[in-house]
Structures are given as C-alpha cells and as structure tokens.
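Accompanying notes for the structure given below.
The values are calculated or read from the model by the stated rules, or taken from the named source; none is laboratory data. Computed from a predicted structure; not experimentally measured. Here the Cβ is made from the backbone with ideal geometry for all residues, glycine too, and neighbour counts use every protein chain on show.
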Amino acid sequence: MEIKRENALELLKEHVESDSLIKHCLAVEASMRGYAKKFGEDVERWGACGLLHDVDFEKYPDTHPLEGVEILKEKGYDDEFVMAVKGHSNSTNTPRETNLAKALYAVDELSGFVIACVLVRPDKFEGLQIKSIKKKLKDKAFAKAINRDQIKTSAEELGMDLTEHIQTVVDAVVLREQELNEMGLSLIE
C-alpha cells in the first residue's frame with residue numbers, strides 16, 4: 001500500500017473532531033518528517049505515522065491506542081506502521097524495535113511540549129531557542145501534563161542526545177509551520 005498524506009489526513013479527520021488533537025497530530029507529523037529526513041527514511045510514511053498515532057484517542061481514550069491499531073489494520077497499513085502506533089503508548093507494553101517506533105515514541109510528548117513553549121512566546125516560532133525549551137522542561141508547573149521522564153528516556157531509546165533530539169524536533173516543527181502556512185494551515189492557530 002502506498003502511503004499518501006492526503007489519505008492519512010482524511011482518515012484522521014474521519015475519526016477526530018477536536019481541533020487541538022488535530023494540531024497535536026500535525027505537530028507529531030512534523031517531528032516524524034524531521035526524523036525521517038535525519039535517518040534517510042520515507043518522509044511521507046513517517047509523517048503519516050505521526051499524523052495517525054492518535055486516530056482513536058478522541059473516541060476511545062480508555063483503550064487508546066488499541067482501537068487505532070484496528071482502524072489502521074482495516075485500512076491496510078503494514079505491521080511495522082501499526083506496531084509503531086501501538087508502541088507509542090506505554091500502556092500496551094509493546095516493544096519498540098524499529099526506528100519508526102522509537103521515533104514516534106520519542107517525538108510524541110516532546111512535540112506537544114515544543115508547541116506549548118511556542119504558544120507562550122510573543123514571537124511564536126521566530127527565534128525559538130533550545131535553551132529556552134530546556135529551561136521550560138525544568139519548570140514542573142509549565143505544561144505539567146507532559147511527561148518529562150518520557151522525553152528524556154525516549155531520546156535515549158532512540159539513541160539521541162537530549163539536546164540534539166530537541167533541536168531535531170524544533171527544526172522540524174519550525175519548517176513544517178512554514179509549509180503549513182503556505183497551505184493556509186498552522187500548528188498553533
């Protein structure tokens with residue numbers, strides 16, 4: 001099955017109405033595209049995995065991501081793709097054996113955190129610095145729903161230094177925001 005972004009986005013919108021969840025999925029898509037470029041992987045495929053990782057979260061929060069796994073299987077997504085989605089939640093106890101799975105797990109929380117940082121900045125994406133994100137990571141009151149331990153351990157699992165991991169995600173979301181703006185979309189508006 002050839003993976004196309006339009007189809008993945010259509011599937012996401014079929015199952016998700018929440019604007020904030022769609023924006024989160026767009027941010028994770030951006031980060032996954034960044035990692036695909038970094039690792040020399042298929043950007044569309046990795047992006048689609050990020051886009052669809054929470055396809056079931058709105059309708060089935062208590063069994064997420066297991067319902068999403070079934071949705072993706074029914075649509076013909078392959079085992080590696082499906083297992084990456086299944087493994088992005090610690091609740092499934094699914095080993096993350098591929099770079100796709102490790103990257104998805106690593107960027108999920110961090111993408112949300114980077115967007116939270118952008119939202120409180122007067123200049124939004126412009127001039128976004130790694131040091132300011134690292135400072136915010138230490139502030140437990142800021143975006144307290146974000147699991148900081150997972151951000152750190154998932155970077156290690158992916159084999160990335162935390163600073164380089166943050167930089168990869170920041171670069172990816174900044175670039176994707178520019179691309180989305182050209183399409184009349186945004187990660188934050």
So, Met1, is that one part of a loop (DSSP other than H, G, I, E, B) and either touching a residue at least 12 places away in the same chain (Cβ under 8 Å) or among the aromatic types (Phe, Trp, Tyr) (or both) or not? yes
Which of the residues spanning region 136-151 are of a type in the set (A, V, I, L, M) and either farther than 17 Å from Thr168 by Cβ or in a loop (DSSP other than H, G, I, E, B) (or both)? Ala141, Ala143, Ala145, Ile146
For region 131-189, enumerate the residues that are over 24 Å from Ser20 (Cβ atoms) and among the basic types (Lys, Arg). Lys131, Lys134, Lys135, Lys138, Lys152
Return the only residue of Leu21, Leu66, Leu72 being within 17 Å of Leu185 (Cβ to Cβ) and either surrounded by fewer than 21 Cβ atoms within 10 Å (Cβ to Cβ) or at pLDDT 95 or above (or both). Leu21
Could you check Asp171 against (1) in contact with a helix residue (DSSP H, G or I) (Cβ under 8 Å, 6 or more places away or on another chain); (2) not in a helix (DSSP H, G or I) and say which number it fails? (2)
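Here is a yes/no grid of residues against (1) touching a Ser or Thr at 6+ places or on another chain (Cβ under 8 Å); (2) charged (D, E, K, R):
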{"residue": "Glu97", "(1), (2)": "no, yes"}
{"residue": "Leu104", "(1), (2)": "no, no"}
{"residue": "Gly112", "(1), (2)": "no, no"}
{"residue": "Leu137", "(1), (2)": "no, no"}
{"residue": "Gln150", "(1), (2)": "no, no"}
{"residue": "Glu177", "(1), (2)": "yes, yes"}
Can you tell me which residues in region 56-106 are in contact (Cβ under 8 Å) with a residue 40 or more places away in the chain and within 12 Å of the chain's Cα centre (by Cα)? Leu100, Lys102, Ala103, Leu104, Tyr105, Ala106
Restricting to region 24-60, count the residues that are surrounded by fewer than 21 Cβ atoms within 10 Å (Cβ to Cβ) and among the small types (Gly, Ala, Ser). 1
